[in-house]
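The values are calculated or read from the model by the stated rules, or taken from the named source; none is laboratory data. What you are looking at is a predicted structure, and each value in this text was computed from that prediction instead of being measured. Backbone-built Cβ (ideal geometry, glycine too); neighbour counts: all protein chains shown.
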Amino acid sequence: MSLQPYKTLIVDDEAHCRNALQRSIEQYCPQLHILDSVDSVSQARVSLSQYTPDLIFLDVEMPGEDGFDFVEQLAFPIPIIFTTAYDVYALKALKEQALDYLLKPVEEKELIAAVNKLRQKPETVQRSGIAQKVALPTAQGFVLCCPDEIVRCEADGAYTRVFRTNTPLMVSRNIGYVESLLAAYCFFRVHKSHLINLHHVIEYVRGNGGTALMSDHAQIDISKRKREDFLLALS
(Lines give C-alpha, C1' and ligand atoms only; values in the text may rest on other atoms or scores of the structure.)
Protein backbone atom coordinates (compact mmCIF):
# COMPACT_ATOMS: atom_id res chain seq x y z
CA MET A 1 0.00 0.00 0.00
CA SER A 2 1.55 3.29 -1.08
CA LEU A 3 1.86 6.31 1.17
CA GLN A 4 -1.53 7.99 1.45
CA PRO A 5 -2.08 11.77 1.43
CA TYR A 6 -2.30 13.27 4.90
CA LYS A 7 -6.02 13.70 5.55
CA THR A 8 -6.46 17.27 6.77
CA LEU A 9 -9.06 19.26 8.71
CA ILE A 10 -9.17 23.09 8.80
CA VAL A 11 -10.81 24.82 11.79
CA ASP A 12 -11.14 28.64 11.68
CA ASP A 13 -14.10 30.91 12.39
CA GLU A 14 -13.16 33.34 9.58
CA ALA A 15 -14.22 32.16 6.13
CA HIS A 16 -11.61 34.21 4.25
CA CYS A 17 -8.84 32.65 6.36
CA ARG A 18 -10.15 29.12 5.74
CA ASN A 19 -10.40 29.77 2.01
CA ALA A 20 -6.94 31.34 1.78
CA LEU A 21 -5.37 28.45 3.67
CA GLN A 22 -7.16 25.89 1.52
CA ARG A 23 -5.92 27.58 -1.67
CA SER A 24 -2.35 27.61 -0.34
CA ILE A 25 -2.53 23.95 0.66
CA GLU A 26 -3.87 22.95 -2.74
CA GLN A 27 -1.14 24.93 -4.48
CA TYR A 28 1.91 24.18 -2.33
CA CYS A 29 1.17 21.01 -0.33
CA PRO A 30 -0.01 18.23 -2.67
CA GLN A 31 0.75 15.67 0.05
CA LEU A 32 -2.31 16.95 1.96
CA HIS A 33 -5.92 16.01 1.21
CA ILE A 34 -8.49 18.36 2.79
CA LEU A 35 -11.34 16.36 4.31
CA ASP A 36 -13.32 19.26 5.74
CA SER A 37 -13.16 22.97 6.58
CA VAL A 38 -15.27 24.18 9.53
CA ASP A 39 -15.85 27.40 11.48
CA SER A 40 -16.02 26.29 15.13
CA VAL A 41 -14.89 23.74 17.71
CA SER A 42 -18.39 22.26 17.83
CA GLN A 43 -18.35 21.73 14.06
CA ALA A 44 -14.85 20.25 14.34
CA ARG A 45 -16.22 17.64 16.74
CA VAL A 46 -18.94 16.79 14.22
CA SER A 47 -16.27 16.44 11.54
CA LEU A 48 -14.25 14.10 13.77
CA SER A 49 -17.31 11.88 14.08
CA GLN A 50 -17.29 11.52 10.28
CA TYR A 51 -13.61 11.62 9.35
CA THR A 52 -10.23 10.53 10.68
CA PRO A 53 -7.75 13.35 9.98
CA ASP A 54 -3.97 12.93 10.12
CA LEU A 55 -3.46 16.68 10.58
CA ILE A 56 -5.50 19.65 11.85
CA PHE A 57 -4.93 23.32 11.05
CA LEU A 58 -6.46 25.01 14.09
CA ASP A 59 -7.21 28.66 14.80
CA VAL A 60 -6.71 29.76 18.42
CA GLU A 61 -9.22 32.55 19.03
CA MET A 62 -12.77 31.57 18.09
CA PRO A 63 -16.17 32.43 19.59
CA GLY A 64 -17.14 30.06 22.41
CA GLU A 65 -14.54 27.33 22.71
CA ASP A 66 -11.06 28.17 21.47
CA GLY A 67 -8.43 26.01 19.80
CA PHE A 68 -6.78 24.98 23.06
CA ASP A 69 -10.13 23.80 24.44
CA PHE A 70 -10.46 21.58 21.38
CA VAL A 71 -6.99 20.05 21.81
CA GLU A 72 -7.75 19.18 25.44
CA GLN A 73 -10.88 17.28 24.34
CA LEU A 74 -9.18 15.07 21.75
CA ALA A 75 -9.50 11.40 22.67
CA PHE A 76 -6.21 10.66 20.90
CA PRO A 77 -3.39 13.03 19.91
CA ILE A 78 -3.56 14.31 16.34
CA PRO A 79 -0.80 16.57 14.91
CA ILE A 80 -1.87 20.21 15.20
CA ILE A 81 -0.64 23.26 13.29
CA PHE A 82 -2.00 26.34 15.06
CA THR A 83 -2.89 29.32 12.87
CA THR A 84 -3.51 32.71 14.47
CA ALA A 85 -3.08 36.45 13.99
CA TYR A 86 -1.40 36.73 17.41
CA ASP A 87 2.05 35.59 18.52
CA VAL A 88 1.22 35.62 22.25
CA TYR A 89 0.05 31.99 22.13
CA ALA A 90 3.29 30.54 20.79
CA LEU A 91 4.57 29.35 24.19
CA LYS A 92 1.28 27.69 25.07
CA ALA A 93 1.20 26.02 21.65
CA LEU A 94 4.70 24.70 22.33
CA LYS A 95 3.53 23.27 25.66
CA GLU A 96 0.67 21.54 23.80
CA GLN A 97 3.36 19.92 21.64
CA ALA A 98 1.95 21.47 18.48
CA LEU A 99 3.59 20.47 15.22
CA ASP A 100 3.96 24.17 14.37
CA TYR A 101 2.55 27.65 14.96
CA LEU A 102 1.82 29.87 11.95
CA LEU A 103 0.95 33.55 12.00
CA LYS A 104 -1.74 34.86 9.67
CA PRO A 105 -1.57 35.63 6.84
CA VAL A 106 0.18 32.29 6.42
CA GLU A 107 3.25 32.58 4.19
CA GLU A 108 4.05 29.96 1.57
CA LYS A 109 7.52 29.05 2.90
CA GLU A 110 6.30 28.71 6.50
CA LEU A 111 3.37 26.55 5.43
CA ILE A 112 5.60 24.19 3.46
CA ALA A 113 8.12 23.97 6.31
CA ALA A 114 5.37 23.19 8.84
CA VAL A 115 3.85 20.45 6.70
CA ASN A 116 7.28 18.92 6.04
CA LYS A 117 7.61 18.31 9.79
CA LEU A 118 5.10 15.49 9.39
CA ARG A 119 7.77 13.49 7.58
CA GLN A 120 10.67 14.75 9.69
CA LYS A 121 8.93 13.37 12.79
CA PRO A 122 7.31 10.10 11.71
CA GLU A 123 6.61 9.17 15.33
CA THR A 124 4.11 12.05 15.47
CA VAL A 125 1.82 10.53 12.84
CA GLN A 126 1.33 6.83 13.49
CA ARG A 127 -0.54 6.10 10.26
CA SER A 128 1.16 2.77 9.57
CA GLY A 129 -0.69 0.82 12.26
CA ILE A 130 2.32 0.41 14.57
CA ALA A 131 1.59 -2.13 17.32
CA GLN A 132 0.69 0.37 20.03
CA LYS A 133 -2.30 -0.45 22.19
CA VAL A 134 -5.35 1.77 22.69
CA ALA A 135 -7.77 1.62 25.61
CA LEU A 136 -11.33 0.73 24.59
CA PRO A 137 -13.87 1.56 27.31
CA THR A 138 -16.36 -1.16 28.26
CA ALA A 139 -19.13 -1.49 30.86
CA GLN A 140 -16.64 -3.26 33.14
CA GLY A 141 -13.68 -0.91 32.64
CA PHE A 142 -11.51 -0.95 29.54
CA VAL A 143 -9.67 -3.35 27.24
CA LEU A 144 -6.21 -2.69 25.82
CA CYS A 145 -6.17 -3.57 22.15
CA CYS A 146 -3.64 -3.32 19.33
CA PRO A 147 -5.24 -1.35 16.43
CA ASP A 148 -4.04 -3.96 13.91
CA GLU A 149 -6.23 -6.53 15.69
CA ILE A 150 -9.34 -4.47 14.97
CA VAL A 151 -10.95 -5.46 11.67
CA ARG A 152 -13.95 -3.14 11.78
CA CYS A 153 -16.33 -1.25 14.06
CA GLU A 154 -20.11 -1.02 13.82
CA ALA A 155 -22.38 1.55 15.47
CA ASP A 156 -24.97 0.23 17.90
CA GLY A 157 -26.76 3.30 19.23
CA ALA A 158 -24.65 4.85 22.00
CA TYR A 159 -22.35 1.80 21.84
CA THR A 160 -19.96 0.37 19.25
CA ARG A 161 -19.39 -3.26 18.31
CA VAL A 162 -15.68 -3.80 17.70
CA PHE A 163 -14.86 -6.85 15.59
CA ARG A 164 -11.33 -8.07 16.25
CA THR A 165 -9.22 -10.88 14.83
CA ASN A 166 -10.08 -12.83 17.99
CA THR A 167 -13.20 -12.12 20.04
CA PRO A 168 -15.63 -9.23 19.38
CA LEU A 169 -16.02 -6.47 21.94
CA MET A 170 -18.84 -4.10 22.91
CA VAL A 171 -17.43 -0.63 23.57
CA SER A 172 -19.45 1.68 25.81
CA ARG A 173 -18.98 4.74 23.57
CA ASN A 174 -20.47 5.76 20.23
CA ILE A 175 -18.69 5.17 16.96
CA GLY A 176 -17.59 8.82 16.72
CA TYR A 177 -15.60 8.40 19.92
CA VAL A 178 -14.03 5.16 18.68
CA GLU A 179 -13.17 6.83 15.37
CA SER A 180 -11.33 9.67 17.15
CA LEU A 181 -9.54 7.11 19.33
CA LEU A 182 -8.26 5.35 16.21
CA ALA A 183 -7.65 8.53 14.21
CA ALA A 184 -3.86 8.08 14.14
CA TYR A 185 -4.17 4.62 12.58
CA CYS A 186 -5.27 3.30 9.21
CA PHE A 187 -9.05 3.40 9.76
CA PHE A 188 -11.70 4.85 7.46
CA ARG A 189 -15.36 5.74 8.13
CA VAL A 190 -17.05 4.28 5.05
CA HIS A 191 -20.57 4.80 6.34
CA LYS A 192 -22.20 6.54 9.31
CA SER A 193 -22.44 3.13 10.98
CA HIS A 194 -19.18 1.53 9.85
CA LEU A 195 -15.50 2.21 10.56
CA ILE A 196 -13.05 -0.19 8.92
CA ASN A 197 -9.35 -0.98 9.14
CA LEU A 198 -7.86 -0.49 5.67
CA HIS A 199 -5.25 -3.13 6.44
CA HIS A 200 -8.05 -5.70 6.63
CA VAL A 201 -9.70 -4.86 3.31
CA ILE A 202 -9.38 -7.89 1.03
CA GLU A 203 -11.35 -6.70 -1.98
CA TYR A 204 -13.42 -3.79 -3.29
CA VAL A 205 -16.54 -4.57 -5.32
CA ARG A 206 -18.11 -1.87 -7.48
CA GLY A 207 -21.75 -1.03 -6.97
CA ASN A 208 -23.87 1.88 -5.78
CA GLY A 209 -21.17 3.15 -3.45
CA GLY A 210 -19.29 -0.11 -3.55
CA THR A 211 -18.65 -2.86 -1.03
CA ALA A 212 -15.53 -3.62 1.00
CA LEU A 213 -14.86 -7.30 1.62
CA MET A 214 -13.06 -7.65 4.95
CA SER A 215 -10.65 -10.25 6.32
CA ASP A 216 -13.40 -11.57 8.63
CA HIS A 217 -15.60 -12.19 5.53
CA ALA A 218 -17.90 -9.27 6.34
CA GLN A 219 -19.26 -7.27 3.41
CA ILE A 220 -19.44 -3.57 4.31
CA ASP A 221 -21.36 -1.13 2.12
CA ILE A 222 -19.64 2.17 1.33
CA SER A 223 -21.72 5.33 1.13
CA LYS A 224 -21.71 7.16 -2.20
CA ARG A 225 -20.18 10.30 -0.74
CA LYS A 226 -17.34 8.35 0.88
CA ARG A 227 -16.46 6.23 -2.16
CA GLU A 228 -13.97 8.64 -3.74
CA ASP A 229 -12.07 9.26 -0.50
CA PHE A 230 -12.13 5.54 0.29
CA LEU A 231 -10.55 4.62 -3.05
CA LEU A 232 -7.99 7.38 -2.58
CA ALA A 233 -7.10 6.01 0.85
CA LEU A 234 -6.59 2.55 -0.62
CA SER A 235 -4.42 3.74 -3.51
Restricting the search to the stretch 1-23, which residues are within 19 Å of Gly67 (Cβ to Cβ), surrounded by fewer than 17 Cβ atoms within 10 Å (Cβ to Cβ) and either touching a residue at least 24 places away in the same chain (Cβ under 8 Å) or among the hydrophobic types (A, V, I, L, M, F, W, C) (or both)?
-> Glu14, Ala15, Ala20
Could you check Ile202 against (1) β-branched (Val, Ile, Thr); (2) in contact with a Lys or Arg (Cβ under 6 Å, 6 or more places away or on another chain); (3) exposed (fewer than 15 other Cβ atoms within 10 Å of the Cβ) and say which number it fails?
-> (2)
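Would you say Pro30 is under 14 Å from Leu111 (Cα atoms) and at pLDDT below 95? Outline the logic, then answer.
Details: under 14 Å from Leu111 (Cα atoms): yes; at pLDDT below 95: yes.
So Pro30 passes the test.
Could you grab me the full set of residues in the stretch 39-53 that are of a type in the set (Gly, Ala, Ser) and part of a loop (DSSP other than H, G, I, E, B)? Give the derivation first.
Looking only at the stretch 39-53, we keep the residues that are of a type in the set (Gly, Ala, Ser), and these are 40, 42, 44, 47, 49.
Within the stretch 39-53, Ser40, Ser49 qualify.
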Go through (1) closer than 20 Å to Leu198 by Cα; (2) at pLDDT 90 or above; (3) part of a loop (DSSP other than H, G, I, E, B) one by one and return the number of the condition Arg152 breaks.
-> (3)
Would you tally the residues in the stretch 54-87 being in a loop (DSSP other than H, G, I, E, B) and over 29 Å from His191 (Cβ atoms)?
-> 9
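Could you please find all residues in the stretch 136-148 being surrounded by fewer than 15 Cβ atoms within 10 Å (Cβ to Cβ) and touching a Lys or Arg at 6+ places or on another chain (Cβ under 8 Å)? I'd like the intermediate steps shown before the answer.
Going residue by residue through the stretch 136-148, those that are surrounded by fewer than 15 Cβ atoms within 10 Å (Cβ to Cβ) are 139-142, 144.
Within the stretch 136-148, Leu144 is the sole residue that qualifies.
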Looking at Val178, Val106, Val115, which is the one that is modelled with pLDDT of 85 or more, closer than 30 Å to Asp13 by Cα, assigned to a loop (DSSP other than H, G, I, E, B) and touching a Leu at 6+ places or on another chain (Cβ under 7 Å)?
-> Val106
Single condition Ala139 does not satisfy, out of (1) in a loop (DSSP other than H, G, I, E, B); (2) within 16 Å of the chain's Cα centre (by Cα) | (2)
